[in-house]
Amino acid sequence: MLSDIMKLVDKFVNIFKKRLYGRTFFCPVCHLELSCHDTDENECMVCPLCGVVIELHETYGHFVPIVNDVEINRVQPKARLHPLATHLPLGLFPFALLGAFYLLIISVYTKTLGTGISAFPFASSIPVIDNLIFLFLLIAIIASALTFLTGVIDWKKRYGGRSYRVITLKIILSGLFLAVGLGTLALHLVVFEAGMIGFDSLISVLATIGYFGLFCAAMFILATLGHVGGYLVFGK
């Protein structure tokens, strides 16, 4: 199942890469996929993963990367705040989603049978779970903003602020995740009342569909971000 999810993530990433990267080639040392647009006016670039200096030539319609040098003075921060901040959204969002689905099941169950919440086992824990979901979402979104900020700082210091399409892709997805996450957080306040979904109007039903749609979209964007970030750190 995990391999199927990763294949789906790969397809999602490739949609962005084809539009953003243009023609690509692979670093001859670490095999990181890079865009031809990453080169400077001299058709040279520094690989963001392994630090080799690549001179790119095109021969008979194919790119031929040639390693000329190695960047040995790359900044290595002692405290890597960016990967540390990244783990908070990655860890908290799945738990928040599981809790939201749990409350959805309870809401549908009580609505279908026409019973009150008090008839459900562990009914007293439902408002607590509701508050925990909101707290997890809030912390995850704040951490994602911190991740974005530390990522930009890391790019400026560690990578010299050079233009890399893979980093541009991360910035776009990070902004998209932040926007979708804020929408999810706002809809949580609309959909749930004391941990329950009313389903008492068309607006409530549509808000619930939109809430879980945004939630799943945020999870998929988050998985894609982790995939792209891991690819940048560890290569292919």
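Computed from the coordinates by the stated procedures, all read-outs in this text should not be read as laboratory data. Because the structure is predicted, anything quoted here is derived from the model rather than measured. All Cβ positions, glycine included, derive from the backbone under ideal geometry; neighbour counts span all protein chains shown.
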Query raised in the report: So what's the angle, to the nearest 10 degrees on a 0 to 90 scale, between helix 202-234 and the longest Cα principal axis of the chain?
Result: 30
Query raised in the report: Three principal axis extents, largest first, for the C-alpha atoms of the range 81-234, in Å?
Result: 61, 28, 22
Report summary line: Given Cβ charges of +1 for Lys and Arg and -1 for Asp and Glu, the option among Tyr211, Gly61, Thr110 whose Cα lies farthest towards the positive end of the dipole of the chain is Thr110
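Net charge within 14 Å of Met196 by Cβ-Cβ distance, Lys/Arg positive one each and Asp/Glu negative one each, not counting Met196 itself?
Numbers: positive: Lys111; negative: Asp130, Glu193, Asp200.
The answer is -2.
Grab the DSSP H runs of the chain that are 4 residues or longer, score each as -39,500 (n - 2.57), total them, divide by all residues and round the 222 nm result to the nearest 500 deg cm²/dmol.
Working: 5 runs with 146 residues, N = 236.
Result for the chain, helices only: -22500 deg cm²/dmol.
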Query raised in the report: Any idea what Rg and Dmax come out to for the range 20-74 if you just take the C-alpha atoms, in Å?
Result: 10.5, 35
**Report entry** Cα-based helix-to-principal-axis angle, 2-21 vs the chain, degrees rounded to 10
**Finding:** 50
Report task. Mind ranking 217-226, 161-170 by how tightly packed they are, going by the mean number of other C-beta atoms within 10 angstrom, highest first? Result -> 217-226, 161-170
Query - Qualifying aspartates and glutamates (Cα of each under 19 Å from Cα of Lys111; at least 8 residues distant if same chain) - result: Asp130, Glu193, Asp200
**Report entry** Entries of Lys17/Lys156; Lys11/Lys156; Lys11/Lys157 with Cα pairs more than 26 Å apart
**Finding:** Lys11/Lys156; Lys11/Lys157
